[in-house]
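The values are calculated or read from the model by the stated rules, or taken from the named source; none is laboratory data. Quick caveat: nothing in here was measured; it's all calculated off a predicted structure. Because the Cβ atoms are built from the backbone with ideal geometry, glycine has one as well, and the counts that use them run over all protein chains shown.
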Amino acid sequence: MKLFNVEEANALLPTVRRICARITRGHARLVALQEAARCAAEGAAQTGGGFMPEGAEYVTALMRVAEGAAQLESLGVQLKDYARGLVDFPSLRDGRVVLLCWEFGEGDRLEWWHDVEAGFAGRQRL
């Protein structure tokens, strides 16, 4: 597990922001196409073949989300919520691992952290 200090995480935020923008857009498109995908899957189960006119768009959105998640993982950043673009940067604070927390749409600098077990609800100001 990569550990970040606040300065390292802040330096990475422009890259993380771009990746999270792609992930949240892709996720929103997947949600919008969810009903069409469900109907196509049901058709396939009932008749042995299903059709989804937006199939290529669905696959593109799915790949966008998967690639973005993989990019974040390769950077050592943990994606917590696809829809919100919520990410955590593992860090050390007082000798224990904590998570520096950032959500897509927040500012250009990290402002929050939380204990690993506390999650988003336990966020505290840096």
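Can you tell me which residue among Leu99, Leu72 is within 14 Å of Thr24 (Cβ to Cβ) and touching a strand residue (DSSP E or B) at 6+ places or on another chain (Cβ under 7 Å)?
On inspection, the qualifying residue turns out to be Leu72.
Being modelled with pLDDT under 80, surrounded by 14 or more Cβ atoms within 10 Å (Cβ to Cβ) and under 19 Å from Tyr82 (Cβ atoms) is the filter here, so list the residues in region 30-53 that pass it.
Hit for region 30-53 is Ala37, nothing else.
Filter region 69-83 down to the residues that are surrounded by 15 or more Cβ atoms within 10 Å (Cβ to Cβ) and part of a loop (DSSP other than H, G, I, E, B), then identify the one that is farthest from the chain's Cα centre (by Cα).
The qualifying residue farthest from the chain's Cα centre (by Cα) is Gly76.
So which residues in region 84-102 are of a type in the set (Lys, Arg) and either buried (at least 20 other Cβ atoms within 10 Å of the Cβ) or under 15 Å from the mean Cα position of the chain (by Cα) (or both)?
Arg84
Scan (1) surrounded by fewer than 20 Cβ atoms within 10 Å (Cβ to Cβ); (2) modelled with pLDDT of 95 or more; (3) touching a helix residue (DSSP H, G or I) at 6+ places or on another chain (Cβ under 9 Å) for the single condition Leu62 breaks and write down its number.
Of (1) surrounded by fewer than 20 Cβ atoms within 10 Å (Cβ to Cβ); (2) modelled with pLDDT of 95 or more; (3) touching a helix residue (DSSP H, G or I) at 6+ places or on another chain (Cβ under 9 Å), only one is false for Leu62: (2).
Is it the case that some residue within region 22-30 is touching a strand residue (DSSP E or B) at 6+ places or on another chain (Cβ under 8 Å), closer than 28 Å to Gln124 by Cα and without any contact (Cβ under 8 Å) to a residue 12 or more places away in the chain?
No; the residues of region 22-30 include none that is touching a strand residue (DSSP E or B) at 6+ places or on another chain (Cβ under 8 Å), closer than 28 Å to Gln124 by Cα and without any contact (Cβ under 8 Å) to a residue 12 or more places away in the chain.
Within the bounds of region 1-10, is there any residue that is farther than 14 Å from Leu110 by Cβ, basic (Lys, Arg), in contact with a strand residue (DSSP E or B) (Cβ under 8 Å, 6 or more places away or on another chain) and exposed (fewer than 15 other Cβ atoms within 10 Å of the Cβ)?
Yes, region 1-10 has at least one match.
Which condition does Leu62 not pass, out of (1) closer than 20 Å to Phe120 by Cβ; (2) touching a Leu at 6+ places or on another chain (Cβ under 8 Å), if it passes all the others?
Unmet condition: (1).
What number of residues within region 20-44 satisfy the criterion of being touching a helix residue (DSSP H, G or I) at 6+ places or on another chain (Cβ under 7 Å) and closer than 22 Å to Val98 by Cβ?
Number of matching residues: 0.
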